[in-house]
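Below is one structure; the comments refer to it alone.
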Amino acid sequence: MHVRKALALANALLTRKRCTCWIIAGIVCLFSLRWFFLQEEHLNPRTQTHTHTSKVQQDTQLAEKFTIVINTFQRDVCLEATLRHWLSCEPRQVRLAWNDVGRPHPDFLEKLIEESGGILVVDNHNTTNLTNRFLPLDFVTRAIFSVDDDTYYSCRQLWGAFEIWRQHPEQMVGFAPRYIEDTAQLTYSTYVYYDDTEWGSHKANTVFVTKGGFLHHSMFNSYFATELNELRAVVNALTTGEDILMSFLVASRAASRDLARPIVAMNYDRIKIDCGPQAQKMKTKQKTALSSHSMTVQWRRDLMTRFHAHFGYPFVAAEFDDYFHFTSSTGHYEQIAAILGPRPKPNKYMTFRYRWKLFWLGRDGDWKEDR
């Protein structure tokens, strides 16, 4: 009898132990699955914007997406490649500034319009004005991403920059930083490029949104204010300077000096497209290829002088620590100050730890500047 009781007790203990093991294994599996799906959402910033299902939430989601505005003129090779890419990033809308007056849309464009289901909208302008890209339209989003037809960035970095803009909707957020000097006697170079200075000592007081940048749609209305008629006319006549004019405008309209400061999103995967033979034949009676004209630098200097006279000097510089660095492992941007920690005080030697972080930050990706 004692043997039977002992065997029964042993069997009960073993059964309970098996149950406990199965319970523990189940809990571990559940936590593993939860961790996996959280990682998927964290690595893809777009997944975070597609979690709402109700009608009200869907409407909010659309309002919180962005519109991409692309300026184009006789560069179909570039346009087809960039349009397909931008549509794959799932923006709310893509607006194409079609400046080829009188020229029919190419077949690929008509096909993309049909395939997009209303996402791609072509705005057929009746002039070739360079400022057409900033015309105030019936935008369906607050955020507008402006870019040329020969450049694109990864969808991850695009959405990462949009996340930054959502937190700073009154500032420009862009991939192409510049530093415009405060002087009436401009030198040969009208502004400083990002990679013209030593790594870690950069600063910028604007971003050229024509090279890829976010701004609030209200700036498009301000750009076409009556008071800027003369400046826009000069820009259109010289076919250059629309980017600089927008920079002056945004900085001058800022509600405070902090809001006049641009936000730089460092990019490491910009793709610049060779537009092929068609791009070499851009000279027409209405327009001359900007890059091929020997007077471009002089014209931009003259425009800078005009803009200084009209706006004054409204710019506020963002230091290197203010920039945002894209971390591939998370799919998000993080401010460099948070990555490097406190910068050493002026005239003090950098600590070894700070220098080491700064070095590896420069090695993490290949900075690609827009020239």
- Could you tell me whether Phe66 is hydrophobic (A, V, I, L, M, F, W, C) and either closer than 30 Å to Asn229 by Cα or surrounded by 17 or more Cβ atoms within 10 Å (Cβ to Cβ) (or both)? yes
- Message: Whether any residue in segment 125-143 is of a type in the set (Lys, Arg) and touching a Gly at 6+ places or on another chain (Cβ under 9 Å) is what I want to check.
- Response: no
- Quick check: is even one residue across segment 124-146 modelled with pLDDT under 95, in a strand (DSSP E or B) and either over 26 Å from Cys275 (Cβ atoms) or not hydrophobic (A, V, I, L, M, F, W, C) (or both)? no
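Quick grid of which residues meet (1) in contact with a strand residue (DSSP E or B) (Cβ under 6 Å, 6 or more places away or on another chain); (2) surrounded by 12 or more Cβ atoms within 10 Å (Cβ to Cβ); (3) at pLDDT 80 or above:
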{"site": "Asp269", "(1), (2), (3)": "no, yes, no"}
{"site": "Leu303", "(1), (2), (3)": "no, yes, yes"}
{"site": "His310", "(1), (2), (3)": "no, yes, yes"}
{"site": "Val316", "(1), (2), (3)": "no, yes, yes"}
{"site": "Glu319", "(1), (2), (3)": "yes, yes, yes"}
{"site": "Asp366", "(1), (2), (3)": "no, no, no"}
- Query: From the list Val94, Val77, Val101, Val122, which one is of a type in the set (A, V, I, L, M) and under 27 Å from Glu170 (Cβ atoms)?
  - Reply: Val94
- Are there any pairs with C-beta distances below 6 angstrom linking a residue in segment 326-339 that is farther than 11 Å from Ile164 by Cα to a residue that is aliphatic (A, V, I, L, M) and not in a loop (DSSP other than H, G, I, E, B), with the two at least 6 apart or on different chains, and if so which? Gly331/Leu43
- Message: Looking at segment 213-241 only, could you name the residues that are in a helix (DSSP H, G or I) and within 18 Å of the chain's Cα centre (by Cα)?
- Response: Ser218, Met219, Phe220
- Flagged in segment 128-167 as surrounded by 21 or more Cβ atoms within 10 Å (Cβ to Cβ) and of a type in the set (Lys, Arg), in numbering order, are Arg133
- Are there any pairs, at least 6 apart or on different chains, whose C-beta atoms fall under 7 Å, with the first in segment 146-157 and assigned by TED's automatic domain parsing to the domain that holds Asn132 and among the aliphatic types (A, V, I, L, M) and the second modelled with pLDDT of 95 or more and assigned to a strand (DSSP E or B), and if so, which? Val147/Ile68; Val147/Ile70
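A quick yes/no check of all residues on (1) under 26 Å from the mean Cα position of the chain (by Cα); (2) among the aromatic types (Phe, Trp, Tyr); (3) crowded, with 19+ Cβ neighbours inside 10 Å:
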{"site": "Arg92", "(1), (2), (3)": "yes, no, no"}
{"site": "Arg95", "(1), (2), (3)": "yes, no, yes"}
{"site": "Pro104", "(1), (2), (3)": "no, no, no"}
{"site": "Lys111", "(1), (2), (3)": "no, no, no"}
{"site": "Ser116", "(1), (2), (3)": "yes, no, no"}
{"site": "Val121", "(1), (2), (3)": "yes, no, no"}
{"site": "Asn126", "(1), (2), (3)": "no, no, no"}
- Message: Residues that are surrounded by 15 or more Cβ atoms within 10 Å (Cβ to Cβ) and under 27 Å from Arg261 (Cα atoms): does segment 182-189 have at least one?
- Response: yes
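The values are calculated or read from the model by the stated rules, or taken from the named source; none is laboratory data. Remember, it's a predicted structure, so these values are computed and weren't measured experimentally. Counting neighbours? That spans all protein chains shown, and the Cβs are built from the backbone with ideal geometry, glycine included.
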